[in-house]
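*Asks:* Structure below; questions to follow.
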Amino acid sequence: MIIRQEYTEKLKAFKDKQLIKVVSGIRRCGKSTLLRMFQEDLIESGVGKDQIISINFEDPDYVYLTSYKALYDYIKERLLPDKKNYIFLDEIQNVTDYQKAVDGLFIKENVDVYITGSNAYFLSGELSTLLSGRYVEIKMLPLSFKEYLSALPDKIDLPAKYTQYLTHSSFPYTLELGNDEIRTYLDGIYNTVILKDVVQRKNIADVSGLENIIKFMFDNIGNITSPKKISDTLGSSGRKISNHTVENYLSALIDSFILYKTSRYDVKGKQYLRTSEKYYLVDIGLRYFLLGSKKADIGRILENIVYLELLRRGYEVYIGKVGNLEVDFVAIKRGISGDVEYYQVAQTVQLPETWEREMKPLESIKDHNPKFLLTLDNEPVSSHKGIKQIYALDWLLEYH
């Protein structure tokens, strides 16, 4: 079992705090395993097994609890009046009006509530209004490269391990599977997310149109795009789809945590821009599964990996606009400090013209915040006019 330390530490930090702990993330990224590990930690710390109530709503055994009143009554009957009770509700979005049950449990002084969900919309609307200021969200992703490597029997030949990480997928359970089994497993994840979390929720009739958009987005990670551009591109190839429909489908894919949208940030003007967004994919293995290896753009794939790692490290991430130039990422630390870092990502900068192209945007930023150039050129860390060039695999493993 892989220890997801950054997430377990967050849960420990909020233990017994008067807040609902919400773990969100794409299906199969490890949320259920995280809750089991945390429950084991509770028991090791002296919490009795009778103080823990854990329900996974993807288990058919609990289908009779998928109305909020049945769930609330079931848990209420099992609460110990003279002890702290720890309640774990996994895939809570399967419970109708679940927020009413969660709110009813939350107001009890001897209850500590933990819930998970696989769709962003389960934290929207009524729940966010009802529980405003009373919950903390822990956003979970599949394995980082460092976590993935920790589960392998040897750590030699990092480039080969990185390729395996990309092609075999970062979903934790793939480490237990063979190559053919991985493809079947990813097919299951893809179809579950698309059919259950997108098609059913949005009542989509044109599933083939949705899949055309998915293939377009998977093929265009790290490229500036817009619903109109997607609509025009698909239309030019004979697959007509309206801007509004594209927006609707993109929203559903983002809500299901399969895509992440990144906005632009004007570095000089210190303001957020609402045009020309980029999209990144939660797992590159899904891209290989859907598109194959012929469309593998190593530079943009690396950019996707760096984007996700910055999210893991607690940054808000934007595309940087510097006059007419673009910096791949402006990373702003969440919290009081609001520290800013700039990142340029490239497969290689061995050619002089590539070096100049990648360095120019960073050099044009005149403030004194840290600036980094990450590449797959396996060279020692070096500095050029205050810009640190780092081997990307070392950065993913060690550099903070």
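*Asks:* Counting just the residues of segment 224-235 that are of a type outside the set (D, E, K, R) and surrounded by 14 or more Cβ atoms within 10 Å (Cβ to Cβ), which one comes out farthest from T275 (Cα to Cα)?
*Replies:* Checking each candidate, the answer is L234.
*Asks:* For segment 163-184, give me the residue count where each residue is hydrophobic (A, V, I, L, M, F, W, C), outside any helix (DSSP H, G or I) and surrounded by fewer than 19 Cβ atoms within 10 Å (Cβ to Cβ).
*Replies:* 1
*Asks:* Considering each of L35, L71 in turn, give the residue that is over 25 Å from Y173 (Cα atoms) and not in a loop (DSSP other than H, G, I, E, B).
*Replies:* Answer to the selection: L71.
*Asks:* OK, next. From the list I213, I221, which one is buried (at least 19 other Cβ atoms within 10 Å of the Cβ), among the aliphatic types (A, V, I, L, M), part of a loop (DSSP other than H, G, I, E, B) and touching a residue at least 24 places away in the same chain (Cβ under 8 Å)?
*Replies:* That would be I221, the only listed residue that is buried (at least 19 other Cβ atoms within 10 Å of the Cβ), among the aliphatic types (A, V, I, L, M), part of a loop (DSSP other than H, G, I, E, B) and touching a residue at least 24 places away in the same chain (Cβ under 8 Å).
So that you can scan it fast, the table gives a plain yes or no per residue for (1) in contact (Cβ under 8 Å) with a residue 60 or more places away in the chain; (2) closer than 30 Å to K161 by Cα; (3) of a type in the set (D, E, K, R); (4) not assigned by TED's automatic domain parsing to the domain that holds S150:
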{"position": "L310", "(1), (2), (3), (4)": "no, yes, no, no"}
{"position": "S337", "(1), (2), (3), (4)": "no, no, no, no"}
{"position": "Q344", "(1), (2), (3), (4)": "no, yes, no, no"}
{"position": "T354", "(1), (2), (3), (4)": "no, yes, no, no"}
{"position": "K371", "(1), (2), (3), (4)": "no, yes, yes, no"}
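*Asks:* Do any residues in segment 254-280 that are among the hydrophobic types (A, V, I, L, M, F, W, C) have Cβ atoms under 6 Å from those of residues that are exposed (fewer than 15 other Cβ atoms within 10 Å of the Cβ), where the two are at least six apart or on different chains, and which pairs are they?
*Replies:* The qualifying pairs are I254/K261.
*Asks:* Then there's this: Please specify each residue of segment 242-262 satisfying the condition of being polar (S, T, N, Q) and in contact with a strand residue (DSSP E or B) (Cβ under 7 Å, 6 or more places away or on another chain).
*Replies:* If the condition is that a residue be polar (S, T, N, Q) and in contact with a strand residue (DSSP E or B) (Cβ under 7 Å, 6 or more places away or on another chain), then T262 is the only one that fits.
*Asks:* Moving on. Looking only at residues in segment 21-61 that are hydroxyl-bearing (S, T, Y) and under 25 Å from the mean Cα position of the chain (by Cα), which one is nearest to L259 (Cα to Cα)?
*Replies:* Among them, the one singled out is S24.
*Asks:* When only residues in segment 377-400 that are more than 23 Å from the chain's Cα centre (by Cα) and in a loop (DSSP other than H, G, I, E, B) count, which is surrounded by the most Cβ atoms within 10 Å (Cβ to Cβ)?
*Replies:* Top of the filtered list is D377.
*Asks:* Within segment 336-371, track down each residue that is under 17 Å from N324 (Cα atoms) and in a helix (DSSP H, G or I).
*Replies:* E356, R357, E358, M359, K360, P361, L362, E363, listed by residue number.
*Asks:* Which one is surrounded by the fewest Cβ atoms within 10 Å (Cβ to Cβ), of the residues in segment 241-291 that are in a strand (DSSP E or B) and among the charged types (D, E, K, R)?
*Replies:* Going through the qualifying residues, I end up with R274.
*Asks:* Now, a different point. Could you check, for segment 315-326, whether at least one of its residues is out of contact with any strand residue (DSSP E or B) (no Cβ under 8 Å at 6 or more places or on another chain) and more than 19 Å from L273 (Cα to Cα)?
*Replies:* No; the residues of segment 315-326 include none that is out of contact with any strand residue (DSSP E or B) (no Cβ under 8 Å at 6 or more places or on another chain) and more than 19 Å from L273 (Cα to Cα).
*Asks:* If N110 passes every condition in (1) touching a Pro at 6+ places or on another chain (Cβ under 9 Å); (2) within 30 Å of P172 (Cα to Cα); (3) not β-branched (V, I, T) but one, which one does it miss?
*Replies:* So the condition that N110 fails would be (2).
*Asks:* Go over the candidates Y86, Y114, Y68, Y64 one by one and state the one that is touching a residue at least 24 places away in the same chain (Cβ under 8 Å) and farther than 17 Å from Q39 by Cα.
*Replies:* Criteria check complete, one pass: Y68.
*Asks:* Just checking, does segment 86-106 include any residue being in a helix (DSSP H, G or I), exposed (fewer than 13 other Cβ atoms within 10 Å of the Cβ) and assigned by TED's automatic domain parsing to the domain that holds D16?
*Replies:* The answer is no; no qualifying residue exists.
*Asks:* Of a type in the set (D, E), surrounded by fewer than 18 Cβ atoms within 10 Å (Cβ to Cβ) and modelled with pLDDT under 95, is that true of E58?
*Replies:* The answer is yes for E58.
*Asks:* Output the number of the condition that D187 fails; it satisfies all remaining conditions of (1) surrounded by 15 or more Cβ atoms within 10 Å (Cβ to Cβ); (2) modelled with pLDDT of 90 or more; (3) part of a helix (DSSP H, G or I).
*Replies:* Going through the list (1) surrounded by 15 or more Cβ atoms within 10 Å (Cβ to Cβ); (2) modelled with pLDDT of 90 or more; (3) part of a helix (DSSP H, G or I), D187 breaks only (1).
*Asks:* What residue, of Y64, Y74, Y98, Y86, is of a type in the set (F, W, Y) and either within 21 Å of the chain's Cα centre (by Cα) or modelled with pLDDT under 95 (or both)?
*Replies:* Checking each option against the conditions leaves just Y98.
The values are calculated or read from the model by the stated rules, or taken from the named source; none is laboratory data. As the structure is a prediction and not an experimental result, all values here were calculated from the model. In this analysis, Cβ positions are derived from the backbone assuming ideal geometry, glycine residues included, and neighbour counts consider all displayed protein chains.
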